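Visitor: Just dropping this structure here.
The values are calculated or read from the model by the stated rules, or taken from the named source; none is laboratory data. Values in this document were obtained by computation on a predicted structure and should not be read as measured data. Positions of Cβ are backbone-derived with ideal geometry, glycine not excepted, and every protein chain shown enters the neighbour counts. Keep in mind that these areas ignore ligands, DNA and RNA; they rest on the heavy atoms of the full protein, side chains included. Shrake-Rupley method; radii C 1.70, N 1.55, O 1.52, S 1.80 Å.
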Amino acid sequence: QVQLVESGGGLVQAGGSLRLSCAASGRTFSNYAMGWFRQAPGREREFVATISWSGGNRYYADSVKGRFTISRDNAKNTVYLQMNSLKPEDTAVYYCASPSRPYVRDLGAFDYWGQGTQVTVSS
């Protein structure tokens with residue numbers, strides 16, 4: 001079965017950086033888009049970034065554009081989220097996700113989820 005396992009979260013001061021990783025298993029990784037989402041306490045889960053199966057197309061939420069970079073290594077079955085210039089409002093549980101169907105990237109198609117990793121940014 002498909003498994004997505006996030007790592008790399010932690011506590012960082014405002015202005016600092018973190019890199020999240022998500023290791024995928026259970027299917028041919030290079031056929032599927034990948035994405036990062038986050039959920040802050042008391043708020044709904046929100047889109048952060050997605051990357052196409054080949055890595056050629058990347059999309060970002062306006063709130064993270066210019067600060068976060070999504071990338072993938074299809075040889076390692078891993079997707080990354082490099083987060084720079086972190087702000088307290090970036091504090092959330094970050095989830096890795098992927099569609100169950102290959103070669104789709106609609107946000108509504110992301111239906112496999114990891115367990116999440118906590119990112120806390122102190123002011």
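Visitor: Residues of the stretch 23-44 being of a type in the set (D, E, K, R) and surrounded by 16 or more Cβ atoms within 10 Å (Cβ to Cβ), which ones?
Guide: Here is the first cut: in the stretch 23-44, the residues of a type in the set (D, E, K, R) are 27, 38, 43-44.
Arg27, Arg38 - these are the residues of the stretch 23-44 that are of a type in the set (D, E, K, R) and surrounded by 16 or more Cβ atoms within 10 Å (Cβ to Cβ).
Visitor: Would you mind finding the one in Leu11, Leu4 that is loosely packed, with under 13 Cβ neighbours inside 10 Å, modelled with pLDDT of 95 or more and part of a strand (DSSP E or B)?
Guide: After ruling out the rest, the residue left standing is Leu11.
Visitor: While we're here: So if I check each of Gly42, Gly55, which one is in contact (Cβ under 8 Å) with a residue 12 or more places away in the chain and not in a strand (DSSP E or B)?
Guide: Working: Gly42 fails: in contact (Cβ under 8 Å) with a residue 12 or more places away in the chain.
Among Gly42, Gly55, only Gly55 is in contact (Cβ under 8 Å) with a residue 12 or more places away in the chain and not in a strand (DSSP E or B).
Visitor: So which residues in the stretch 57-69 are open to solvent by 50 Å² or more (accessible area, probe 1.4 Å) and over 17 Å from Asp106 (Cβ atoms), if there are any at all?
Guide: Scanning the stretch 57-69 gives Asp62, Ser63, Lys65, Gly66, Thr69.
Visitor: Listed residues Tyr103, Tyr94; which is of a type in the set (Phe, Trp, Tyr) and either open to solvent by less than 60 Å² (accessible area, probe 1.4 Å) or not in a loop (DSSP other than H, G, I, E, B) (or both)? Please lay out each step first, then the result.
Guide: Values: Tyr103 fails: either open to solvent by less than 60 Å² (accessible area, probe 1.4 Å) or not in a loop (DSSP other than H, G, I, E, B) (or both).
None of the other options fit; the residue is Tyr94.
Visitor: Restrict the check to the stretch 109-120 and report whether at least one residue is open to solvent by 50 Å² or more (accessible area, probe 1.4 Å), assigned to a loop (DSSP other than H, G, I, E, B) and either in contact with a helix residue (DSSP H, G or I) (Cβ under 6 Å, 6 or more places away or on another chain) or at pLDDT 95 or above (or both).
Guide: yes
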